[in-house]
Structure formats: structure tokens, C-alpha cells
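Report on the structure given below.
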């Protein structure tokens, strides 16, 4: 049985794979090739997924759905023969969820395929990285923001699981 993804403790070292990835080192993706039952791997994945949300929010400070569709279309075009690796509905839902534009009940329905959702997250962050979403704030500020977001996300998920809040 796979442990609960949200039952992890984040430590500063969990941001290191993301740091490497944002600097262009594909070894930063190691947490996605490692054992998901390992607490450190789950923590590193959580930080990575938080980075997608933080990056999306930086990229789409103001947005409309057409911009999201265009972004995903450009992403798929940039992948050439591998365009089929990104399901457009899943990629758009990830972006819309990060922006608070997707009802919570739809997130799970649209992302029923965890492998496709994972690939979409990786490719979205790659495109955002290539667009330099770190920007003038710098990498350290981006990583700090990702860790803060990951901690908030985990706290919220724990509260939902405990029945303290509902969606």
C-alpha cells in the first residue's frame, strides 16, 4: 500500500532536485524515477508540484482561458513527435487548478491518469523554466516561494483529510 502523499515532512534539502532542474539539469527529475513509498521522494515530488503552481501563477498573473489553451498548444508543438505525451485537457486543468479557475471536484476527475498528470506537470514546468519564470526575483526567491507553497498545500490537504475543512 502506498503511503499518503501528504504525510510528509518538508525539509530544506527537499528543494535540491528542483534547484537542479531549474538550472537545466535533468537529474532534478530523479524523484519521479525513485520509489514513491520513500518519504523523502514524496517530499521532493511535493516541492516539484508546488513549483508548477508557483510558476503558473507567475506566468499567468492575469489570464483568460484562451491564453491557457494557447500555452498548452505551444507546449505540445514544441514537443514535436512527443506532443502526444501531453494530454491537453489534463495540462489545461493543472494550469486552471493552480490559478483557482477549476472547481475542486473536477481536478480528480480530469487527472484520473496519474502518469499523464505527472508528464503534464513536468512539461509545463519545463516550458515555464524555458520562459524564465524565475525572472528578476531570482532562483532562491522562487525556491523559497515553492517551499512555502508546498507547506501550505500540505497543511490544507491534511485539514481536508481530517475533516477540518471541506471543499
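What number of residues within region 132-148 satisfy the criterion of being modelled with pLDDT of 85 or more, under 22 Å from residue 24 (Cβ atoms) and in a helix (DSSP H, G or I)?
Within region 132-148, residues that are modelled with pLDDT of 85 or more, under 22 Å from residue 24 (Cβ atoms) and in a helix (DSSP H, G or I) number 9.
Quick test for you: out of 29, 18, 102, pick the one residue that is modelled with pLDDT under 95, touching a helix residue (DSSP H, G or I) at 6+ places or on another chain (Cβ under 7 Å), outside any loop (DSSP other than H, G, I, E, B) and surrounded by 12 or more Cβ atoms within 10 Å (Cβ to Cβ).
29
Considering only residues that are modelled with pLDDT of 85 or more and not in a helix (DSSP H, G or I), which ones fall in region 2-15?
9, 10, 11
Hey, can you tell me all the residues within region 74-87 that are closer than 11 Å to residue 124 by Cα and assigned to a helix (DSSP H, G or I)?
Within region 74-87, 74, 75, 76 meet the criteria.
The rows are residues; the columns are (1) over 11 Å from the mean Cα position of the chain (by Cα); (2) under 18 Å from residue 32 (Cα atoms).
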site	(1), (2)
87	yes, no
94	no, yes
97	no, no
103	yes, no
121	no, yes
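So, residue 58, is that one farther than 25 Å from residue 34 by Cβ, in contact (Cβ under 8 Å) with a residue 24 or more places away in the chain and surrounded by fewer than 18 Cβ atoms within 10 Å (Cβ to Cβ) or not?
Considered against the rule, which asks whether it is farther than 25 Å from residue 34 by Cβ, in contact (Cβ under 8 Å) with a residue 24 or more places away in the chain and surrounded by fewer than 18 Cβ atoms within 10 Å (Cβ to Cβ), residue 58 comes out as yes.
Just one of the numbered conditions (1) over 26 Å from residue 77 (Cα atoms); (2) in contact with a helix residue (DSSP H, G or I) (Cβ under 9 Å, 6 or more places away or on another chain); (3) loosely packed, with under 14 Cβ neighbours inside 10 Å is not true of residue 146; which one?
Of the numbered conditions (1) over 26 Å from residue 77 (Cα atoms); (2) in contact with a helix residue (DSSP H, G or I) (Cβ under 9 Å, 6 or more places away or on another chain); (3) loosely packed, with under 14 Cβ neighbours inside 10 Å, the odd one out for residue 146 is (3).
Answer yes or no as to whether residue 114 is out of contact with any strand residue (DSSP E or B) (no Cβ under 9 Å at 6 or more places or on another chain), without any contact (Cβ under 8 Å) to a residue 24 or more places away in the chain, surrounded by fewer than 19 Cβ atoms within 10 Å (Cβ to Cβ) and closer than 22 Å to residue 26 by Cα.
Yes, satisfied.
Since residue 49 meets every condition but one in (1) assigned to a loop (DSSP other than H, G, I, E, B); (2) modelled with pLDDT of 90 or more, which condition does it not meet?
(1)
Only one of (1) over 13 Å from the mean Cα position of the chain (by Cα); (2) in a helix (DSSP H, G or I); (3) over 16 Å from residue 54 (Cα atoms) fails for residue 163. Which number is that?
If we test residue 163 against (1) over 13 Å from the mean Cα position of the chain (by Cα); (2) in a helix (DSSP H, G or I); (3) over 16 Å from residue 54 (Cα atoms), just (2) comes out false.
Inside region 23-42, can you point out the residues that are within 19 Å of residue 140 (Cβ to Cβ) and within 15 Å of the chain's Cα centre (by Cα)?
Matches in region 23-42: 28 only.
The values are calculated or read from the model by the stated rules, or taken from the named source; none is laboratory data. Since the structure is predicted, the reported quantities are computational estimates derived from the model, not experimental observations. Neighbour counts run over all protein chains shown; Cβ positions are idealised from the backbone, glycine included.
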